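Colleague: I have a structure I would like to understand better, so I am pasting it below and will then ask my questions one at a time.
No lab work stands behind these numbers, since they all come straight from the coordinates. Worth saying up front: this structure is predicted, and the values here are computed from it rather than measured. Every residue, glycine among them, receives a Cβ derived from its backbone with ideal geometry; neighbour counts consider all protein chains shown.
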Amino acid sequence: MKTIKGMKFETLISEKDIATRVKEMVKEIAEDSHGKEIFIIGILKGSFVFLSDLLRLLFIHKIHPSLDFITVESYGSGKVSSGNLKLLRDITTDIENKWVLIVDDILDTGKTLAFAKEYFKEKKPASIKSCVFLDKPDRRVNDFKANYVGFEIPDKFVVGYGMDYDNLFRELPYVAVLLDEEEKKSK
Ligand code: PRP
């Protein structure tokens, strides 16, 4: 157990295991996208750490994608449960006929990625795939499945490797369970 800023953490996925798995994922993506015009769309903010590792490993496979980001926000009553999503930031490039890969840190209820995929389908890419570092299948409220998944995890409150608690702890190089939040759940 570790304590940072007075909060208790337990490592769930080590830095070493992340590096190994991300390398495997990139190999798969590189094989599938070989020879295609690749356009990566990152969903802010959580995806930025995973995406920067992904991008630099793609370079090793001689893959040179274009990149842009979107920000998705929930609105209406209750940030988590409303399910009404809107784009706060859109991409500024044409993706028609491109091999599009949407990248996010975590697939939870599935609402964000389902929304993003529907939205970008309209722009007529050649293909549209999704890639997530973590998947929490127990939390899904739709039938969304990502094409590339780093790790499936149980329904625990995780931070690090881009994921936050109150916009903190994104910088942890590993994934940790925030024990304080887990304790609250069990009360
Ligand atoms: C998180 C995460 C995903 C989304 C997944 O974003 O980064 O984008 O939630 O949840 P869903 O599958 O239930 O839609 P968050 O709203 O926490 O914003 P952040 O990325 O800026 O931290």
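Colleague: For Glu24, put the label point 7 Å out on the Cα→Cβ axis and report which residues of the stretch 124-153 keep their amide N under 19 Å from it.
Modeller: Hits in the stretch 124-153 for Glu24 at 19 Å: 130-137, 146-153.
Colleague: Sticking with this one: By counting other Cβ atoms within 10 Å of each Cβ, how are Tyr161, Tyr148 ranked from fewest to most?
Modeller: In order of increasing Cβ crowding within 10 Å: Tyr148, Tyr161.
Colleague: Using only the C-alpha atoms of the chain, find the volume of their convex hull and express it per residue in Å³.
Modeller: 119 Å³
Colleague: Continuing with the same structure: Quick check for me: using +1 on Lys/Arg Cβ and -1 on Asp/Glu Cβ, what's the dipole size of the stretch 1-128 about its Cα centre, in debye to the nearest 20?
Modeller: It comes to approximately 320 debye.
Colleague: A further question follows. Take every DSSP beta bridge with both residues inside the chain and express the antiparallel ones as a percent of the total, to the nearest 5.
Modeller: Around 40 percent of the beta bridges assigned by DSSP in the chain are antiparallel ones.
Colleague: Set the Förster radius R0 to 22 Å, insert the Cβ-Cβ distance between Leu67 and Lys145 as r into 1/(1 + (r/R0)^6), and round the FRET efficiency to 0.05.
Modeller: Here the calculated transfer efficiency is 0.40.
Colleague: Among Lys16/Lys62; Lys16/Lys123; Lys23/Lys185; Lys16/Lys86; Lys86/Lys184; Lys129/Lys184, which pairs are too far apart, with a Cα-Cα distance over 26 Å?
Modeller: Lys16/Lys123; Lys23/Lys185; Lys16/Lys86; Lys86/Lys184; Lys129/Lys184
Colleague: Right, another one. Based on other C-beta atoms within 10 Å, arrange Val100, Val22 from fewest to most.
Modeller: Val22, Val100
Colleague: At a 10 Å Cβ-Cβ cut-off, how would you order Thr92, Thr112, fewest neighbours first?
Modeller: Thr92, Thr112
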